[in-house]
Every structure is written in C-alpha cells, then in structure tokens.
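Single-structure report; data block below.
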Amino acid sequence: MAKGLIGKKLGMTQVFSPEGEMVPVTVIEAGPCLVTEVRTEEKDGYNALQLAFDKVKPAKLNKPERGIFDKLNAEPRKHLREFRDFDGDEYQPGDEINLEIFSEGELVNISGVSKGKGFSGNVERHNHATGPKTHGSRMYRAPGSIGSTDAARVFKGQELPGRMGHDQVKIKNLEIVSLRPDDNVILIKGSVPGPKKSILTIELSQ
C-alpha cells in the first residue's frame, strides 16, 4: 500500500557517498504527521488517510478547521493532505506517522508548487528563438505571427507571453539518500519543486 508524508522544503546542500562521490540533495523536514481521518472503501468508496502537518496556534485556524483537532484532542496543524491507498487498518485518527515508514535507497514521488516567475515573455516562457538583432529589426523578442487570418481570433493553446511558474508539479522516482529521524529530516537526491519553506507531499513510488 502507498506510504506518504507531508514535508517542508528547507533548502539544498551536498553530501558525499561512501564511494566519495559528491551528491546534491534537498533537505526536507518531513513529519511527524497526525492522522485526522481514515477513509475506507465501505464508507467513502476509496481507501485513504488524511494527514496534518506543522503545528500552529488555534487562533490561526477557522472554526471548522479547529473542530477537526478538538475532536481528536490534539494540537492544531496548519496543513492537511490526503494520501490514497494507505492501509487504513494500520492507523486510527490521532495516530502519528513519521520517517520510520521510509528506508534509505527507496524511490519517492514529490509534489509541490513550483516557484512563481511572474509575467514572462514567450522567449523565456516557451524557449522560443529570438529574431535578428541587426538591420533595424524591432522583432528581437516579440512573438511574431501566430497564424490566424480567416478566423480573426487567437486559437487556444498558442505559446504566448503570460504567467510563468507557480504550477503544481510532481517529480517521480527521486532517491532517498539519508534519513535523520531525530531531526525529522530526509535528504532527497536532486532538486524538488518550490522555494524554501514550501509544503511538499512525499509518496513512495509505486
């Protein structure tokens, strides 16, 4: 069954493998996560766990959100995520899940919101080629023709300037380099979506 945690990106660094190879890693604070709901096939039509992460003052939550934790007599958490295909028989609301569910060397899928870049031109956003710089050309970074004449409108899906980044992104099959349960820290090989302090979901790759 699937395994997962909610985490917070702390930044990047590098470590050395036993063979002396330098490995770039992302440092993530992962868990402990509180089980707030257990979804079952009989009651909800699917199996899943709702997890909560990152303790917060009760005043920073609205009344329905506070009610979730009041029912469990637990400290409020800021972020809620649902993980499908968890084995609901193993957990009950109020249980905590930590890094013990993972092992070094396993592959995980990590989801997050990528860095927002604001409004960007077509050259940066879609990697278009630039126009000529010489002979008085004024079309160096402009989109140029977009093809439509008879329709007299812009067709959907044209690669034009616009908002770039701040999208939901999933990167699959990233290796767990190291687990540090005492600090609730996991080191993942390579980069993951989002800026520092962004919230991530970490799921075991199927």
| task | Working only within segment 1-40, note down all residues that are among the β-branched types (Val, Ile, Thr) and in a strand (DSSP E or B). | result | Ile6, Thr13, Val15, Val23, Val25, Thr26, Val27, Ile28, Val35, Thr36, Val38
| said: Being under 18 Å from Ser17 (Cβ atoms) and touching a Leu at 6+ places or on another chain (Cβ under 6 Å) is the requirement here; does Ser191 meet it? | reply: no
| query | Which condition number does Ser191 fail, the rest of (1) of a type outside the set (Asp, Glu); (2) in the same structural domain as Gln14 (by TED's automatic domain parsing); (3) part of a loop (DSSP other than H, G, I, E, B); (4) touching a Pro at 6+ places or on another chain (Cβ under 7 Å) being met? | reply | (4)
| Could you count how many residues in segment 41-57 are surrounded by 12 or more Cβ atoms within 10 Å (Cβ to Cβ) and part of a helix (DSSP H, G or I)? | 1
| field | Residue in segment 146-159 that is modelled with pLDDT of 90 or more, over 30 Å from Glu19 (Cα atoms) and either touching a Lys or Arg at 6+ places or on another chain (Cβ under 6 Å) or surrounded by fewer than 13 Cβ atoms within 10 Å (Cβ to Cβ) (or both) present | value | yes
| said: For segment 88-127, give me each residue that is over 30 Å from Asp44 (Cα atoms), crowded, with 16+ Cβ neighbours inside 10 Å and under 23 Å from the mean Cα position of the chain (by Cα). | reply: Ser114, Arg125
| task | Specify the residue that is modelled with the lowest pLDDT; the eligible residues are those in segment 101-136 that are farther than 30 Å from Phe83 by Cα and among the charged types (D, E, K, R). | result | Lys133
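The values are calculated or read from the model by the stated rules, or taken from the named source; none is laboratory data. Note that the coordinates shown come from a computational prediction; the quantities given were computed from them, not determined experimentally. FYI the Cβ positions are ideal-geometry reconstructions off the backbone, even for glycines, and counts take in every protein chain you see.
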